[in-house]
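Participant: Please read through the structure below; I'll follow up with questions.
The values are calculated or read from the model by the stated rules, or taken from the named source; none is laboratory data. Since this is a predicted model, take the numbers as computed values, not measurements. Every residue, glycine as well, gets a Cβ built from its backbone with ideal geometry; the counts of neighbours run over all protein chains shown. Calculation scope for accessible area: heavy atoms of the full protein, side chains included, ligands and nucleic acids excluded. Shrake-Rupley method; radii C 1.70, N 1.55, O 1.52, S 1.80 Å.
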Amino acid sequence: MKISILTIFPEYFDSPLGVSILKRASEKAAVEFEIINIRDFASDKHQTTDDRPFGGGPGMVMKVEPIDGALQFLLKKAKSQNRKILLTSAKGVMFTQQKAIEYSQCDELVIVCGHYEGVDERVAAHLIDEEVRIGDYVLTGGEAAAVVIADAIARLIPGVLGNELSNVNESHSRPGQLGFPQYTRPSEYRGWKVPEILLTGHEANIAKWRKDSREDGDENKRTQ
Ligand code: ADE
């Protein structure tokens, strides 16, 4: 899979994509990341990517032309039509594990990072497939959201996680499902004991205990 990120802050991604599982995913060529600087597609000598909103109001709005230019550049060299183009935005649809699973089926995913007071609405209307938010709060920019989305999707690509079963039984792999409690050595620490059953080696009983101990993912029933 190829994940392309369009941003005005390309350096933002050096660290998140350069460590741990996402770094290994690139090295193993399971996922190819491409970071595109939207500024490179601005037409004026100051490489302007934002402007004042029509109708007045505070803040600046990201311009449509540089984003369109960057997307055309990407689409021209695309190898597959099985592609989704996302725009990060506090007013988008919620990004969930089900969305991550859906997007992970694509050959190419493009994430446009929104900024400032917003993005010229013609981007959402004509250039992208879906506007997505990662939570009900407002970020300073879409880069943090793009990292979250890319991470959640990349770990679903075959070959990225060490153990393919790792993402079968985990939290949210089915709607509302949360993971079971995990423990490792030592079996007792400061008097805090690991549940006895996990030390018995009895697979069927352990499986039942794990099933029974899954927390209910229903937000309304959760205490914290
Ligand atoms: N940009 C600003 N806030 C955001 C959010 N919650 N999700 C995605 N993009 C955003």
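Participant: Condition (residue is within 16 Å of the ligand (Cβ to nearest atom), assigned by TED's automatic domain parsing to the domain that holds residue 19 and open to solvent by less than 80 Å² (accessible area, probe 1.4 Å)) applied to the range 159-176: is it met by at least one residue? Explain how you work it out, then say what you get.
Facilitator: In the first step, residues of the range 159-176 are kept if they are within 16 Å of the ligand (Cβ to nearest atom); the result is none.
No, there is no match, as no residue in the range 159-176 is within 16 Å of the ligand (Cβ to nearest atom), assigned by TED's automatic domain parsing to the domain that holds residue 19 and open to solvent by less than 80 Å² (accessible area, probe 1.4 Å).
Participant: A further question follows. Inside the range 1-118, counting only helices (runs of 4 or more DSSP H) that do not spill past its ends, which hold 3 or more residues that are among the aliphatic types (A, V, I, L, M)? Spell out how you get there, then give the answer.
Facilitator: On the way: elements: 14-17, 20-27, 64-76, 97-104.
Those helices (runs of 4 or more DSSP H) span 20-27, 64-76.
Participant: Would you please list the contacts, defined by Cβ atoms under 7 Å and residues six or more apart or on different chains, that run from a residue in the range 57-79 that is aromatic (Phe, Trp, Tyr) to a residue that is modelled with pLDDT of 95 or more and surrounded by 19 or more Cβ atoms within 10 Å (Cβ to Cβ)?
Facilitator: What qualifies is 73/41.
Participant: Restrict the check to the range 46-56 and report whether at least one residue is assigned by TED's automatic domain parsing to the domain that holds residue 153, open to solvent by less than 30 Å² (accessible area, probe 1.4 Å), at negative phi and of a type in the set (S, T, N, Q).
Facilitator: Yes, the range 46-56 contains at least one residue that is assigned by TED's automatic domain parsing to the domain that holds residue 153, open to solvent by less than 30 Å² (accessible area, probe 1.4 Å), at negative phi and of a type in the set (S, T, N, Q).
Participant: Hey, among 149, 197, which residue is within 16 Å of the ligand (Cβ to nearest atom) and assigned to a helix (DSSP H, G or I)? Walk me through how you get there before you give the answer.
Facilitator: Values: 197 fails: within 16 Å of the ligand (Cβ to nearest atom).
Criteria check complete, one pass: 149.
Participant: May I pose another question? Within the range 81-98, take every residue that is more than 12 Å from the ligand (Cβ to nearest atom) and crowded, with 17+ Cβ neighbours inside 10 Å and give me the one that is nearest to the chain's Cα centre (by Cα). Let's see the steps before the verdict.
Facilitator: The first filter runs over the range 81-98 and keeps only residues more than 12 Å from the ligand (Cβ to nearest atom), leaving 81-85, 96-98.
From what's left, crowded, with 17+ Cβ neighbours inside 10 Å: 83-85, 97.
Numbers: 83: 15, 84: 13, 85: 13, 97: 9 Å.
Here the residue is 97.
Participant: State which residue is surrounded by the most Cβ atoms within 10 Å (Cβ to Cβ) when the search covers only the range 1-30 and only residues that are under 15 Å from residue 159 (Cβ atoms) and at pLDDT 95 or above.
Facilitator: Taking the range 1-30 first, the residues under 15 Å from residue 159 (Cβ atoms) are 1-3, 21-30.
Those left that are additionally at pLDDT 95 or above: 1-3.
Details: 1: 22, 2: 17, 3: 26.
Once the filter is applied, the top-ranked residue is 3.
Participant: Using the structure shown, decide if residue 179 is surrounded by fewer than 13 Cβ atoms within 10 Å (Cβ to Cβ) and away from the ligand (no atom under 14 Å from the Cβ). Even if it seems obvious, please write down each step before you answer.
Facilitator: Numbers: surrounded by fewer than 13 Cβ atoms within 10 Å (Cβ to Cβ): no; away from the ligand (no atom under 14 Å from the Cβ): yes.
Against the criterion (surrounded by fewer than 13 Cβ atoms within 10 Å (Cβ to Cβ) and away from the ligand (no atom under 14 Å from the Cβ)), residue 179 does not qualify.
Participant: Can you report the number of residues in the range 99-122 which are surrounded by 15 or more Cβ atoms within 10 Å (Cβ to Cβ), touching a helix residue (DSSP H, G or I) at 6+ places or on another chain (Cβ under 6 Å) and not aliphatic (A, V, I, L, M)?
Facilitator: Final tally of qualifying residues: 4.
Participant: Now a separate question. From the list 195, 186, which one is at negative phi, surrounded by 13 or more Cβ atoms within 10 Å (Cβ to Cβ) and not small (Gly, Ala, Ser)? It would help to see each step written out before you state the result.
Facilitator: Values: 186 fails: surrounded by 13 or more Cβ atoms within 10 Å (Cβ to Cβ).
Result: 195 is the single residue among 195, 186 that is at negative phi, surrounded by 13 or more Cβ atoms within 10 Å (Cβ to Cβ) and not small (Gly, Ala, Ser).
Participant: Out of 154, 144, 125, report the one residue that is within 15 Å of the ligand (Cβ to nearest atom) and either modelled with pLDDT of 95 or more or crowded, with 19+ Cβ neighbours inside 10 Å (or both). Walk me through it before giving the result.
Facilitator: Values: 154 fails: within 15 Å of the ligand (Cβ to nearest atom); 125 fails: within 15 Å of the ligand (Cβ to nearest atom).
When all the criteria are applied, what remains is 144.
Participant: Return yes when residue 135 is out of contact with any Leu (no Cβ under 9 Å at 6 or more places or on another chain), within 15 Å of the ligand (Cβ to nearest atom) and touching a residue at least 60 places away in the same chain (Cβ under 8 Å) and no when it is not.
Facilitator: Numbers: out of contact with any Leu (no Cβ under 9 Å at 6 or more places or on another chain): yes; within 15 Å of the ligand (Cβ to nearest atom): yes; touching a residue at least 60 places away in the same chain (Cβ under 8 Å): no.
In short, no.
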